[in-house]
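The values are calculated or read from the model by the stated rules, or taken from the named source; none is laboratory data. Computed from a predicted structure; not experimentally measured. All Cβ positions, glycine included, derive from the backbone under ideal geometry; neighbour counts span all protein chains shown.
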């Protein structure tokens, strides 16, 4: 599980650093899938729900892998947390950008595997939990994170974790996925990229 992983210390990196390339991301997802399959019970009614705008793509891949390895069909959804965030000012946002969630199945009684790309302060996950409170009553929600960069502000921890990295508050971790960005890569930047900046 995530708390057994060693942490890659990136606090001394001064420039752009590739945390994981496409091959490494595939390895991390395969490892997450093994963790999940070993943990869930055959009687669990499972749904993979990813936080938009990249966690949903990772959730779809994990769900496809889960079906391929277990033969079990599972529901897949995308969660938009826009109106539930409490950090617009911190992120330089004047108002939330809403994409609309895509969850076309009831979540009552389900074991939700909530998938996200980067765990940081914990505020994104707090917003997601508020969303679920409005959607129904799950059996349980388990957090699946590709990368944990530390520096938590809320008591949130991943149940399933691909990679743990130590970063400075001034640095920024970004995950890109082929479905949205044209490539699979996880990058460390020396500072948060400004809106509109490209690769």
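Might you check whether a residue that is over 13 Å from the mean Cα position of the chain (by Cα) and either more than 25 Å from residue 34 (Cα to Cα) or at pLDDT below 95 (or both) occurs anywhere in the stretch 142-152? For the stretch 142-152, residues over 13 Å from the mean Cα position of the chain (by Cα) and either more than 25 Å from residue 34 (Cα to Cα) or at pLDDT below 95 (or both): present.
Annotation: of all residues in the stretch 172-191 being surrounded by fewer than 16 Cβ atoms within 10 Å (Cβ to Cβ) and in contact with a strand residue (DSSP E or B) (Cβ under 7 Å, 6 or more places away or on another chain), the one that is modelled with the highest pLDDT is 183. The single condition from (1) outside any loop (DSSP other than H, G, I, E, B); (2) farther than 19 Å from residue 157 by Cβ; (3) touching a residue at least 60 places away in the same chain (Cβ under 8 Å) that residue 14 fails is (1).
For the stretch 156-171, the candidate set comprises residues that are touching a residue at least 60 places away in the same chain (Cβ under 8 Å) and surrounded by fewer than 19 Cβ atoms within 10 Å (Cβ to Cβ); within that set, the residue that is farthest from residue 113 (Cα to Cα) is 168.
Taken over the stretch 111-141, the residue count meeting the criterion of being closer than 21 Å to residue 153 by Cα and part of a loop (DSSP other than H, G, I, E, B) is 3. Listed conditions (1) in contact with a strand residue (DSSP E or B) (Cβ under 6 Å, 6 or more places away or on another chain); (2) over 17 Å from residue 47 (Cβ atoms); (3) surrounded by fewer than 23 Cβ atoms within 10 Å (Cβ to Cβ) are all met by residue 100, apart from (1).
When residue 179 is tested against (1) part of a helix (DSSP H, G or I); (2) over 25 Å from residue 30 (Cα atoms), just one condition goes unmet, and that condition is (2).
Quick one: in the stretch 30-44, which of the residues that are touching a residue at least 40 places away in the same chain (Cβ under 8 Å) and crowded, with 19+ Cβ neighbours inside 10 Å is nearest to residue 132 (Cα to Cα)?
At the first step, the residues of the stretch 30-44 found to be touching a residue at least 40 places away in the same chain (Cβ under 8 Å) are 31-32, 35-36, 39-40, 44.
Retained after the next criterion (residues that are crowded, with 19+ Cβ neighbours inside 10 Å): 32, 36.
Numbers: 32: 23, 36: 21 Å.
Taking the candidates together, the pick is 36.
Take the stretch 53-79 and flag every residue that is modelled with pLDDT under 95 and either crowded, with 21+ Cβ neighbours inside 10 Å or assigned to a helix (DSSP H, G or I) (or both). Matches in the stretch 53-79: none. Just so you know, in the stretch 17-43 the residues that are closer than 15 Å to residue 149 by Cβ and outside any helix (DSSP H, G or I) include one that is farthest from the chain's Cα centre (by Cα), and it is 17.
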